[in-house]
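The values are calculated or read from the model by the stated rules, or taken from the named source; none is laboratory data. A quick note: this is a predicted structure, and the numbers were derived from the prediction, not measured. Cβ placement follows ideal geometry from the backbone for every residue including glycine, while neighbour counts extend to all protein chains displayed. These accessible areas exclude ligands, DNA and RNA; they are computed on the full protein's heavy atoms, side chains included. Shrake-Rupley method; radii C 1.70, N 1.55, O 1.52, S 1.80 Å.
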Amino acid sequence: MKSALIIACLTCLLVLSVQGQLTTGSDKCNCLNGFYKVRSLKLIKTEVTIHKPTAFCPNTEIIVITTTDNQRRCVNPGSPLGRILLKRS
């Protein structure tokens, strides 16, 4: 009887601890390989994705899809274009 009660309590604790964990998001930064030098807003194909700093990645990341090669590229948030994109969001 005691062991069943202990197992039930441990199961409840496990369920409660799992509920508090993140289920979405990444556990790393997306822009690890440097920044792409996008010079003009005309080269950006779709909506800009901006990731604010989190516990997993302390950097602000700006991700765009370019018209030239249709690839996801990272834009430096400190560059002139990066500052413009941050102001627009």
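Probe 1.4 Å, all protein chains in place: accessible area of Ile84 in Å², nearest 10?
80 Å²
Under 21 Å between alpha carbons, and skipping anything fewer than 8 positions from Lys28 in its own chain: which lysines qualify?
Within the straight-line limit of under 21 Å, Lys28 reaches these lysines: Lys52.
Determine how large the accessible area of Val48 is when every protein chain is in place; take a 1.4 Å probe and give Å² rounded to the nearest 10.
40 Å²
Taking all protein chains together and a probe of 1.4 Å, list Glu61, Glu47 from the most accessible to the least accessible.
Working: Glu61 10, Glu47 150 Å².
Descending order: Glu47, Glu61.
What are the extents of the Cα atoms of the stretch 38-86 along their three principal axes, in Å, largest first?
Principal-axis extents of the Cα atoms in the stretch 38-86, largest first: 33, 20, 13 Å.
Pop a pseudo-label 7 angstrom from the Cα along the beta-carbon direction at both Thr49 and Lys2 and give the gap in nm to one decimal.
Going by the 7 Å Cα→Cβ label model, 5.4 nm.
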